[in-house]
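The structure appears below as structure tokens.
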Amino acid sequence: MDSLLSRFEFVRVLDSNPQTKVVSLYGHVDDQPAIVTLEKTHFNTEDASCSCVSAVQETREIAANDIYHWAVALLKQDILHHPAAKVNVIWPATPVHVRKYEQQALHLVRETPELYQRVVAPWVAEQATPARLRWVHNILYEGAEQERVVYRDFAGSAAPGAGSDDGFVVLPDMKWDGVSLDALYLVALVYRDDVRSLRDLRPHHRDWLIGLNNRIRAVVPACYNYALHADELRIFVHYPPSYYHFHIHVVNIRHPGLGDGIAAGRAVLLEDVIESLGLLGEGGYLERTLTYVIGENHELWSRGLQDAVARQLEKDGIPKRPPVLNREESS
Ligand code: M7G
């Protein structure tokens, strides 16, 4: 990481979010595209040896009024328990990564079963390549991030392979600094590779998902010394996901989420998925219309979703946006 950062040549800011305190930068490392994301870390309130206030080293008062006092402060930090920030580097970054991290206009899309088959499914088939899913394969089969794995279940077999369809691995998500339990963010990757996303789920997957949900809610609290309980985990999937190998997000319920990660229009609770599968016909999620938020940079937007949204709005009788008037015309 140190070497990557020292070779990073900054080009431009992709996104900067004052609420999540995340900045994403685009640049080059050895002439190849790189994305560096910096996220200010949350306070570590679990560390009893050091209250957050005693970490304040220096202050400069901004103002005081009656009983109210406010100032900027410098905090004592150490890399183990009180790091200042989490740094993520993607290198070499693909154009898909750059488009994902770049600030962009967002739209609400209604993905009907027809739209899925015509526009989305062919694109998904292109996405689920070994290269794009290498990090998943590395975790499942090559021992990557092994020391960080919280739980691994081969579902009765000695090792992944035949008969391990129910197996899965739980480990800290790349989004988590691994320090503050308030921000706990894990990801569960399943061994089976016949389910790419929510769209591939059918009623016969229901029991498998119930089992997964129960295992996750049993093992995660135990792995963290019951500092949080089964009903304090927000367990969900993303639609559309960024990676088309079925996986589940497991997040501390107190975590407001990074960006739009747990917002309506992106996250679907696993419990709701299980419930829906009990009501849907044989085609399962293939029969449903899924409504979600998509950025204009997403390839699907230009590959058909933009036109589909325009047609849907027209069909729904929603008036077109009036032309923008300049100041003189409007007054
Ligand atoms: P997603 O819903 O497909 O994408 O979830 P998104 O939430 O990034 O849009 C994939 C999840 O896997 C995300 O929460 C990522 O942060 C996480 N993730 C991605 N990669 C490349 C890695 C990795 O190499 N290791 C770990 N531990 N998590 C990752």
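The values are calculated or read from the model by the stated rules, or taken from the named source; none is laboratory data. Keep in mind that this is a model prediction, so the values were computed, not measured. With ideal geometry, Cβ positions are generated from the backbone for all residues, glycine too; neighbour counts draw on all protein chains shown.
Residue-wise test of (1) within 16 Å of the ligand (Cβ to nearest atom); (2) among the acidic types (Asp, Glu).
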site	(1), (2)
ARG202	no, no
ASP207	no, yes
ILE216	yes, no
GLU232	no, yes
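Give just the number: which of (1) buried (at least 17 other Cβ atoms within 10 Å of the Cβ); (2) under 23 Å from LEU171 (Cα atoms); (3) basic (Lys, Arg); (4) away from the ligand (no atom under 12 Å from the Cβ) does ARG266 not satisfy?
If we test ARG266 against (1) buried (at least 17 other Cβ atoms within 10 Å of the Cβ); (2) under 23 Å from LEU171 (Cα atoms); (3) basic (Lys, Arg); (4) away from the ligand (no atom under 12 Å from the Cβ), just (4) comes out false.
Among residues belonging to segment 72-117 that are closer than 19 Å to ASN44 by Cβ and among the aliphatic types (A, V, I, L, M), point out the one that is nearest to the ligand (Cβ to nearest atom).
Only one residue fits best here, namely VAL87.
Looking at segment 174-186, I want the residues that are farther than 17 Å from ASP78 by Cα and have a partner that is surrounded by fewer than 19 Cβ atoms within 10 Å (Cβ to Cβ) and small (Gly, Ala, Ser) with Cβ atoms under 6 Å, at least 6 apart or on another chain. Which pairs are those?
Pairs that qualify, where the first residue is farther than 17 Å from ASP78 by Cα and the partner is surrounded by fewer than 19 Cβ atoms within 10 Å (Cβ to Cβ) and small (Gly, Ala, Ser), are LEU181/ALA227.
Does ALA188 satisfy the criteria of being within 16 Å of the ligand (Cβ to nearest atom), part of a strand (DSSP E or B) and either surrounded by fewer than 17 Cβ atoms within 10 Å (Cβ to Cβ) or at pLDDT 95 or above (or both)?
It is true that ALA188 is within 16 Å of the ligand (Cβ to nearest atom), part of a strand (DSSP E or B) and either surrounded by fewer than 17 Cβ atoms within 10 Å (Cβ to Cβ) or at pLDDT 95 or above (or both).
Here's the yes/no breakdown for (1) over 26 Å from LEU290 (Cβ atoms); (2) surrounded by fewer than 11 Cβ atoms within 10 Å (Cβ to Cβ):
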residue	(1), (2)
GLU39	yes, no
HIS42	yes, no
THR45	yes, no
SER54	yes, yes
GLN57	yes, yes
GLU102	no, no
ARG134	yes, no
ASN138	yes, no
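Looking at segment 1-24, which of its residues are assigned to a strand (DSSP E or B) and either more than 18 Å from the chain's Cα centre (by Cα) or basic (Lys, Arg) (or both)?
Answer for segment 1-24, where residues must be assigned to a strand (DSSP E or B) and either more than 18 Å from the chain's Cα centre (by Cα) or basic (Lys, Arg) (or both): PHE8, GLU9, PHE10, VAL11, ARG12, VAL13.
Collect the residues in segment 161-185 that are assigned to a strand (DSSP E or B), in contact with a helix residue (DSSP H, G or I) (Cβ under 7 Å, 6 or more places away or on another chain) and closer than 15 Å to TYR224 by Cβ, keeping them in residue-number order.
Selection gives VAL170, LEU171, PRO172.
I need every pair where a residue in segment 245-264 that is aromatic (Phe, Trp, Tyr) has its Cβ under 6 Å from the Cβ of a residue that is in a loop (DSSP other than H, G, I, E, B) and at pLDDT 85 or above, sequence separation at least 6 or different chains.
As it stands, the answer is PHE246/VAL195, since those pairs meet every condition given.
Please count how many residues of segment 150-185 are within 13 Å of the ligand (Cβ to nearest atom) and either at pLDDT 90 or above or buried (at least 16 other Cβ atoms within 10 Å of the Cβ) (or both). Don't jump to the end; show me each part of the working.
Start the filter on segment 150-185 by keeping residues that are within 13 Å of the ligand (Cβ to nearest atom), which leaves 150, 169-178, 183-185.
From the residues that got through so far, the ones that are either at pLDDT 90 or above or buried (at least 16 other Cβ atoms within 10 Å of the Cβ) (or both) too are 150, 169-177, 183-185.
Residues meeting the conditions: 13.
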